[in-house]
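**Q** Pasting a structure below so you can have a look.
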Amino acid sequence: MATKKEPTKIERRDFLKKTGTAAGVLAAGFPAIISGQSVTNSLKLGLVGCGGRGGGAAGQALTADPNNVLTAVADIDEQIAESAVTRLKNSQKYGSRVKIEGAFAGLDAYDKVISSVDVVILATPPGFRPQHLTAAINANKHVFCEKPCATDSPGVRQVIEAQKLAQQKNLSLVAGFCWRYNNMITEAVKQVKSGAIGRLVSHYSTYYTNPVKPIPPESARPAGMSDTEWQIRNWYNFTWTGGDSLVEQAVHNADKIMWMMDDKPPISAVGVGGRAVPANGGNIFDHFEVNYLFPNGYRVFLANRQSTGCYNGTFDYVMGTDGTLMLGGGPPRIETPDGKIKWQWQGEEYDMYQREHDVLFAAIRAGKPKNDDLNLATSSLLAIMGRHAAYSGQQITWEQALNSQVRLVPDPVVWNGKHEVPGLAIPGKTQAF
Amino acid sequence: MKGLFVLISVAAAIAATERIGPPPPQALAAQATAIDPKEMAVVEKIRARIEEQSKKTPRSGAYTVTVPNTVVTYTMAPVPAGEFTMGSSAADAKPDEKPAHNVKLDAFWMQAHEVTWDLYLMFMFADQAKETEHPDAMVDGLSRPTAPFLEMSFGRGNNGFPAISMTQHAANKFAQWLSAKTGEYYRLPTEAEWEYACRGGGKTPVAPAQLDEYAWFAKNSPAPPFTSGTYHKVGTKKPNAWGLYDMLGNVMEWTLDQYAPYSAAPAVNPWVRSAQPYPHAVRGGSWNDDETRVACSGRVASDLSWKKLDPQLPKSIWYMTNAQWLGFRLVHPAKLPSVEDMYHAWNNGVAVDPY
């Protein structure tokens, strides 16, 4: 994607500036990181995707280590990049370590950031993630990679390859599946794995919530804005950019499901889903329910909804022969079949978002790469598998999901010209693989 | 745009290297009291609507309001003008409840119940308030919460349950929205108004042994699957002498005031105006608190950690992701305030968190 020459409009929108001299901060020639060795100097950070989450992750990365310096940012929109830089600079804690050497706008901006830094934060809409992650690992950079890692199966396969390469190169690659970095949930999962609820029987997992980023009506689209730009700016509402609600949001549930299963894949999935509220030109569902079959007859029921005026709740009930682990609605706790609380988590909960970066930079500093978050690909794929099942109306096996040739992300992504997206999926007609 | 970005970035880079430590408190206070002319124009328009409406609908006694174009209602209970001793002089009272001091207040009405999700979701989502079918230019232009990325009831229930996890800024903006919609002036209660209303005209409104009849708190709030407690539907316990339900327990309630030490001096209609984002005063205790913290004089100071689960920069000005025990209710003062006071009651000027 986007490796060819970008449209003229983007080239004009690209900009590179050097503030280093003015701010008196640019020491030339930071040493390149040699993999597998500890790092003692400043690390240059690059942010790809400057929305609220990207800015937050950059702040967490800067907080994680006093020698980290943010030097480059990329976004499709220079104003979004500008606001993020201004906000980060205004921080009382780390603002003085925001020393931008390059701010880039456009579809190929990521590449310019990657080439100029030591550590890359990937926080664009997920459709771009496989391309960005591959480029970062190819360029020998450590990475913080937000979830989910892709919106389609070809993207997941690309990420699996990138993860293998990161391991071969001894690069750190931390995934933004934040709950794995939460001490409270980690302790709860440990309880399950140590047999506290007996043999696992079933898992009911919900993410019933409100619409996250509804798309305005087509009439709100500025004159002359291309299809691609409109779709990226409203990325949540298109499958190729956002992956649909199950893949973008309920992927956190998918990750907990895989965690309980030691990240071993399911056998198959059957799902239903649809949309009740007009899509306004977008093509995502607003509800799903997917039933997964894992080995040993373990059944998992994952349901989500993004709707107003309905019952809401984000829960996990992990049911075993000797009890149920409940996540959500209070501290994690285990209830026995006769209704007694057998275990309940107590203590101070980490800031898991900060923890992700603390772990990443400690690993880089120590020369002990952290690159075993293989759930980045598998948990994302579990959600994509569920979407395939609901969209197609078919029973989908893990192998079919993994090898699906359904490609949602255009290759290359072209800024100008027409880019029509498929309409809402129709179970029984839409192809899954 | 390109040129501007370069200039701004250079200037900001220089500023960032020179500035160390937090901005001085005076700067924050100045920001808190600054008036945005555009917002002031909005407030002036709403005030005119309120003035006109109050002539048409004079209020006396308790009354019920139906939110226009919906079936959602709320009840306003009258609170008479009067004096009371704010705080506590008891030996075991917490230091921030002292010194006890005399406060004189004008009359107001207070929502008999905590603001429910039924009400609050209409503010979050215009479609729930039927505003797409019934557009109202004054309401449509108001600032409203962004859609949350987390589920903000945390599965504890919507219909009839109290709204939770909102910032003080969000509660203020809700008051502005409801005022514009109904043509009746609402704001958060001051800390003094809240405590006065909670006491319901008595010195010790609820004997500890009777707390269970009046309040949801840690001991009686668990309900499956919320084994460590949860909020309950509003108005399911006894009201106080002034017809106010759940002042104690269920959810803590935002007040309009900055949290600050008391002074011994008597006060008339005190309002500790916001000068910094934290702390603001929160009252009443919640389903999550033990009985000692569920009292009319007890005070809680809001804290930045109430947004721990928010991974964004800036953190949301609308949601307290880690405050599943925090809600609010509104008052309708008998006397229409000046447009400046109305402006500041709806715009604390300190909505953005330090970072």
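**Q** Looking only at residues in segment B:101-129 that are surrounded by fewer than 16 Cβ atoms within 10 Å (Cβ to Cβ) and part of a loop (DSSP other than H, G, I, E, B), which one is farthest from the other protein chains (Cβ to nearest Cβ)?
**A** B:D106
**Q** Do we have B:N172 as within 14 Å of chain A (Cβ to nearest Cβ), under 24 Å from B:V251 (Cα atoms) and either surrounded by 19 or more Cβ atoms within 10 Å (Cβ to Cβ) or not β-branched (V, I, T) (or both) here?
**A** No, not satisfied.
**Q** Also, quick follow-up: Can you tell me which residues in segment B:123-162 are under 24 Å from B:E39 (Cβ atoms) and either small (G, A, S) or in contact with a strand residue (DSSP E or B) (Cβ under 6 Å, 6 or more places away or on another chain) (or both)?
**A** B:A126, B:A129, B:A137, B:G141, B:S143, B:A147, B:P148
**Q** Among residues belonging to segment B:227-284 that are in a loop (DSSP other than H, G, I, E, B), touching a Ser or Thr at 6+ places or on another chain (Cβ under 8 Å) and polar (S, T, N, Q), point out the one that is surrounded by the fewest Cβ atoms within 10 Å (Cβ to Cβ).
**A** Restricting to residues being in a loop (DSSP other than H, G, I, E, B), touching a Ser or Thr at 6+ places or on another chain (Cβ under 8 Å) and polar (S, T, N, Q), the top hit is B:N269.
**Q** Does A:S219 fit the bill of being modelled with pLDDT under 95 and polar (S, T, N, Q)? If you could, list the steps in order and put the result at the bottom.
**A** Working: modelled with pLDDT under 95: yes; polar (S, T, N, Q): yes.
Here the answer is yes, as A:S219 does meet what is asked.
**Q** Moving to a separate point now. Looking at segment A:365-384, which of the residues that are outside any loop (DSSP other than H, G, I, E, B) and among the hydrophobic types (A, V, I, L, M, F, W, C) is surrounded by the fewest Cβ atoms within 10 Å (Cβ to Cβ)?
**A** Result: A:A366.
**Q** Scanning segment A:335-351 for residues that are over 24 Å from A:W179 (Cβ atoms) and not charged (D, E, K, R), which turns out nearest to the other protein chains (Cβ to nearest Cβ)?
**A** A:G339
**Q** If you go through segment B:54-87 one residue at a time, how many are out of contact with any Pro (no Cβ under 9 Å at 6 or more places or on another chain), farther than 22 Å from B:V234 by Cβ and modelled with pLDDT of 95 or more?
**A** 6
**Q** I need the full set of residues from segment A:59-84 which are at the interface with chain B (Cβ under 7 Å from one of its Cβ atoms) and in contact (Cβ under 8 Å) with a residue 24 or more places away in the chain, in order please.
**A** Those that are at the interface with chain B (Cβ under 7 Å from one of its Cβ atoms) and in contact (Cβ under 8 Å) with a residue 24 or more places away in the chain: A:G59, A:E78.
**Q** Taking the options A:T239, A:T228, name whichever one is within 20 Å of A:K418 (Cα to Cα) and surrounded by 24 or more Cβ atoms within 10 Å (Cβ to Cβ).
**A** Going through A:T239, A:T228 in turn, just one is within 20 Å of A:K418 (Cα to Cα) and surrounded by 24 or more Cβ atoms within 10 Å (Cβ to Cβ): A:T239.
**Q** A follow-up question, please. If a residue has to be farther than 21 Å from B:E291 by Cα and assigned to a loop (DSSP other than H, G, I, E, B) to count, how many in segment B:78-99 make the cut?
**A** Count: 3.
**Q** For segment B:132-148, what are the residues that are without any contact (Cβ under 8 Å) to a residue 24 or more places away in the chain and in a loop (DSSP other than H, G, I, E, B)? Write out each step before concluding.
**A** Start the filter on segment B:132-148 by keeping residues that are without any contact (Cβ under 8 Å) to a residue 24 or more places away in the chain, which leaves B:132, B:135, B:137, B:140, B:147.
If the condition is that a residue be without any contact (Cβ under 8 Å) to a residue 24 or more places away in the chain and in a loop (DSSP other than H, G, I, E, B), then B:T132, B:P135, B:A147 are the ones that fit.
**Q** Is there a residue in segment B:199-211 that is touching a Cys at 6+ places or on another chain (Cβ under 8 Å), surrounded by fewer than 24 Cβ atoms within 10 Å (Cβ to Cβ), modelled with pLDDT of 95 or more and not polar (S, T, N, Q)?
**A** yes
**Q** Could I ask something else about it? I'd like to check which strands (runs of 3 or more DSSP E) are fully inside segment A:277-330 and have at least 1 residues that are surrounded by fewer than 18 Cβ atoms within 10 Å (Cβ to Cβ).
**A** A:287-293, A:299-306, A:313-320
**Q** Another question about this same structure. Give just the number: which of (1) farther than 14 Å from A:C50 by Cα; (2) facing chain B (nearest Cβ under 9 Å) does A:A103 not satisfy?
**A** (1)
**Q** Let me ask you something else. Report whether or not A:G102 is of a type in the set (G, A, S) and over 28 Å from A:R407 (Cα atoms).
**A** Yes.
**Q** So, in segment A:188-234, how many residues would count as being in contact with a Pro (Cβ under 7 Å, 6 or more places away or on another chain) and within 25 Å of A:E349 (Cβ to Cβ)?
**A** Final tally of qualifying residues: 2.
**Q** Considering each residue of segment A:195-225, count those that are surrounded by fewer than 14 Cβ atoms within 10 Å (Cβ to Cβ) and either within 12 Å of chain B (Cβ to nearest Cβ) or not in a loop (DSSP other than H, G, I, E, B) (or both), and give that number.
**A** Looking only at that region, the number is 4.
**Q** Sticking with this one: What residue, among those in segment A:313-327 that are in contact (Cβ under 8 Å) with a residue 40 or more places away in the chain and within 25 Å of the chain's Cα centre (by Cα), is nearest to the other protein chains (Cβ to nearest Cβ)?
**A** A:G313
**Q** Applying the selection to segment B:163-202, what residues are closer than 16 Å to B:H344 by Cβ, touching a His at 6+ places or on another chain (Cβ under 7 Å) and in a loop (DSSP other than H, G, I, E, B)?
**A** B:Y185, B:Y186
The values are calculated or read from the model by the stated rules, or taken from the named source; none is laboratory data. Fair warning: this is a prediction, and the values are worked out from it, not measured in the lab. Because the Cβ atoms are built from the backbone with ideal geometry, glycine has one as well, and the counts that use them run over all protein chains shown.
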